[in-house]
Structure formats: C-alpha cells, structure tokens
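Have a look at the structure below before the remarks.
Nothing in this text is a laboratory measurement; each read-out follows from the coordinates by a stated rule. These numbers were taken from a predicted model, which means no experiment stands behind them. Please note: Cβ atoms are built from the backbone with ideal geometry, for glycine as well, and neighbour counts cover all protein chains shown.
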Amino acid sequence: MVYGRTKSEIVTISSGGTASTSAEVDNMLLSGIVLPTMTGANITFQWSKDNVTFVDVVETDGSATSYTATDGDVVRVDPSGWAFAGQGWLKVVSSSAEVADRDITLLFRTSS
C-alpha cells in the first residue's frame with residue numbers, strides 16, 4: 001500500500017493577538033490541528049495565494065470555517081474540504097486575543 005506524504009507545521013499566535021503566523025501549504029491538504037490551551041473558544045482560518053493578502057475561509061453558505069478550540073486534542077479535519085487550498089498559505093485566527101503566545105500544530109497530507 002502506498003501512503004501519501006505528510007508534514008506538520010507550527011504557527012504561532014503572539015500574546016495579545018488573534019491571527020497566527022502563516023504556514024505554507026506546500027501542495028498538501030490540511031488534515032488535523034493540535035491546539036494548546038487557548039483563550040479563544042473557537043478558531044477560524046485565513047488563506048493567501050501570495051502570503052501577503054489573506055482572505056477568510058468560509059463554507060459554501062458563507063459562514064466561517066470554524067473549529068472548537070480543544071486543549072491538547074487533535075482536531076480531525078476532512079482534507080477533502082481543503083482541496084481549494086492545495087497551494088498558498090494558511091493562518092489560524094482565534095476568536096479572542098490570546099493572553100500568551102500559542103503554538104498551534106497544523107497537520108498536512110497529500111491527497112494520495
């Protein structure tokens with residue numbers, strides 16, 4: 001059996017901030033998120049094709065793509081929903097300003 005390539009990328013939300021540093025997607029799909037203790041109850045995402053201009057990631061109904069911040073758990077993400085973002089950069093956005101630096105691990109995999 002052949003498995004696809006995987007990688008993990010750490011992004012950081014600085015103390016007092018809501019948006020993380022960016023992670024290059026590298027022709028892979030987001031498949032999981034490992035969250036530390038977070039001030040914000042939810043996280044959303046921003047995407048960029050050039051790592052300069054970021055736009056919100058929304059569902060087909062226009063609502064934010066959102067996940068509940070669960071301390072220390074791995075949040076499973078259906079990678080098929082991230083096929084649009086096979087290239088570019090992602091940022092994680094907390095629903096509240098963080099009271100300390102937060103390192104968030106994004107897990108990526110190829111589609112095959």
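Could you put ASP101, ASP61 in order, starting from the residue whose Cβ has the fewest other Cβ atoms within 10 Å? Intermediate values should be presented prior to the final figure.
Working: ASP101 12, ASP61 5.
Listing ASP101, ASP61 from fewest to most nearby Cβ atoms yields ASP61, ASP101.
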Revision key, fill the gap. Largest-first semi-axes in Å of the equivalent ellipsoid built from the Cα gyration tensor of the stretch 6-109 are 19, 14, 14
Review point. Please identify the GluC sites (Glu not before Pro) of the stretch 1-65 that satisfy two criteria: DSSP loop assignment and at most 11 other Cβ atoms within 10 Å. Which are they?
Key: GLU59
Exercise for review: Take PHE84, PHE45 and order them by how many other Cβ atoms sit within 10 Å, fewest up front.
Suggested key: PHE84, PHE45
Check your understanding: For the residues ARG5, ARG109, what sequence is obtained by ranking on other C-beta atoms within 10 Å, fewest first?
Key -> ARG5, ARG109
